[in-house]
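I have placed the structure first, in the form of structure tokens, so that the comments after it can refer back to it.
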Amino acid sequence: MIRRPPRSTPLYSSAASDVYKRQMNAFLTIALLTLFVVLHELGHYISAKRSKIAVSEFFVGFGPRLFSFKRNNTEYGLKALLLGGYVKIPGMDENEPVEGYDSDELFHTASWTKKLYIASSGIIVNFVLAWLILFSIFTFYGVEQPTLQIETIGVSSTDSSSEAPSSKAGLKEGDIITSFNGNQVTTWRELVGYIEENPNSNVSIGYTRNGQSYVTTAVLESRVIANNESGYLGVSPTIENQKMGIIDSIAATTLVEIDMTKAAVEGIFTLFSPQNLQTLLGTYSGEVVPDEARPLSPIGLAQAGNQIAEGGYVNLFTLLAFVNIFLAVFNSIPLVPLDGGRVVLALYEGITGKKIPDKKLYPLAAVVIVIFVFLGITAFYLDITQPIRL
């Protein structure tokens, strides 16, 4: 017979609660990823409808059909594998059968401006979603900025059992750094710049403690960052949340989105480089693939989202903003069958007045699809056999 636990005994252990929270974080990440992909496809759908171009299917999910209905010559529905969605536009390939549609309803007979509008709309949606997520974070949460107050004192960069230069100089947690080598410092970034420029140097550091001002000296250590020798003091800052106004939020959002876009472009160049593809091939011979070289499947993204969410949901939504930007940049790759390929073809038609026959693009499209299938399978395999650890 099972005894009823006393009122002071929790019905769920903290371990069970943590497991539930992790599961919910993973589910939330996948659900939002699906939403972003569906909204990307919704962009294509709306732009096609506005352009009087037919849309034959609009489904959420992939795989076996769960249910569907037809309205105004478009079939809407839900499929079993809820990892995105798709829109099917007749005539996207000029050689596909298109019975039941008028010529002016087909994609390949549309004007180049309509093709450009339809092809780019999904990309624009993802960029806009990323901007709105970041803007919401800055507006409602603010931004976490490092201050000049010392949060922790580290250890030596060369010997973890030895004191850091900061400790030897007498700095303590709670001290506020005010100057470096006689130069007033107003931001943590400025201080870090001074420190990194002075490896193995004897420097003076001004600080306040309990309202009193002091100056001490320290011999900085040296460490290598990105193949460059940098100074090391051994302090970490106190992080402070700062609220932002609308104008500042707009500016910060735009700058962060630009930086994320640059990072996404660099990541895609790295992902598709011959060297990286060769590294990924080593997956199937038992080699360990570095995290920075691997693609992520929805499983891996859920794993990453779960880990990042442990630091707060602001971090998770920042990740999801980057996911939108990555989707936008990825789909901007100027190769058929991606949106970017359709954008380039539309621009070529607008500039030259000529169309490139789809048949000429089949070999290139086949190569692109093979690479994408390889990356997709490899991503799922790695996320199952070598779960990502952030």
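Here are a few things to note about the model shown:
- Among the residues of the range 70-84, just one is charged (D, E, K, R), under 20 Å from residue 53 (Cα atoms) and surrounded by 13 or more Cβ atoms within 10 Å (Cβ to Cβ), namely 75.
- Unmet criterion (only one of (1) in contact with an Asp or Glu (Cβ under 8 Å, 6 or more places away or on another chain); (2) among the basic types (Lys, Arg); (3) under 30 Å from residue 309 (Cα atoms)) for residue 79: (1)
- Inclusion of residue 91 among residues that are open to solvent by less than 20 Å² (accessible area, probe 1.4 Å), at positive phi and assigned to a loop (DSSP other than H, G, I, E, B) is warranted.
- Consider the range 54-65 and keep the residues that are open to solvent by less than 10 Å² (accessible area, probe 1.4 Å) and out of contact with any helix residue (DSSP H, G or I) (no Cβ under 6 Å at 6 or more places or on another chain). The one that is farthest from residue 122 (Cα to Cα) is 61.
- Looking only at residues in the range 303-356 that are among the hydroxyl-bearing types (Ser, Thr, Tyr) and more than 22 Å from residue 129 (Cα to Cα), the one that is least open to solvent (accessible area, probe 1.4 Å) is 352.
- Residues satisfying the stated conditions in the range 238-252, i.e. over 19 Å from residue 151 (Cβ atoms), open to solvent by 30 Å² or more (accessible area, probe 1.4 Å) and touching a residue at least 24 places away in the same chain (Cβ under 8 Å): 243, 244, 246, 248, 250
- Options 255, 271, 277; residue that is surrounded by 11 or more Cβ atoms within 10 Å (Cβ to Cβ) and free of Cβ contacts under 8 Å to residues at least 12 places away in the same chain: 255
- Counted residues, the range 223-237 - those being open to solvent by less than 30 Å² (accessible area, probe 1.4 Å) and either without any contact (Cβ under 8 Å) to a residue 60 or more places away in the chain or basic (Lys, Arg) (or both): 2
Residue-by-condition table, conditions (1) farther than 30 Å from residue 38 by Cβ; (2) open to solvent by 30 Å² or more (accessible area, probe 1.4 Å); (3) at pLDDT 90 or above; (4) touching a Pro at 6+ places or on another chain (Cβ under 7 Å):
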{"position": "127", "(1), (2), (3), (4)": "no, yes, yes, no"}
{"position": "144", "(1), (2), (3), (4)": "yes, yes, no, no"}
{"position": "152", "(1), (2), (3), (4)": "yes, yes, yes, no"}
{"position": "158", "(1), (2), (3), (4)": "yes, yes, no, no"}
{"position": "162", "(1), (2), (3), (4)": "yes, yes, no, no"}
{"position": "166", "(1), (2), (3), (4)": "yes, no, yes, no"}
{"position": "178", "(1), (2), (3), (4)": "yes, yes, yes, no"}
{"position": "184", "(1), (2), (3), (4)": "yes, yes, yes, no"}
{"position": "208", "(1), (2), (3), (4)": "yes, yes, yes, no"}
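- Pairs linking a residue in the range 115-142 that is on the phi > 0 side of the Ramachandran plot and touching a residue at least 24 places away in the same chain (Cβ under 8 Å) to a residue that is among the charged types (D, E, K, R) and open to solvent by 40 Å² or more (accessible area, probe 1.4 Å), with Cβ atoms under 8 Å and 6 or more positions apart or on different chains, are 142/243.
- Residue 69 satisfies every condition listed in (1) assigned to a helix (DSSP H, G or I); (2) farther than 23 Å from residue 120 by Cα; (3) at pLDDT 90 or above except (1).
- Every condition in (1) part of a helix (DSSP H, G or I); (2) at pLDDT below 85; (3) surrounded by fewer than 17 Cβ atoms within 10 Å (Cβ to Cβ) is met by residue 359 except one, and the failing one is (2).
The values are calculated or read from the model by the stated rules, or taken from the named source; none is laboratory data. Keep in mind the model is a prediction, meaning the values are calculated, not measured. Neighbour counts are summed over all protein chains in view; Cβ atoms, including those assigned to glycine, are modelled from backbone coordinates with ideal geometry. Surface areas here come from the heavy atoms of the whole protein model, side chains and all, with no ligands, DNA or RNA. Shrake-Rupley method; radii C 1.70, N 1.55, O 1.52, S 1.80 Å.
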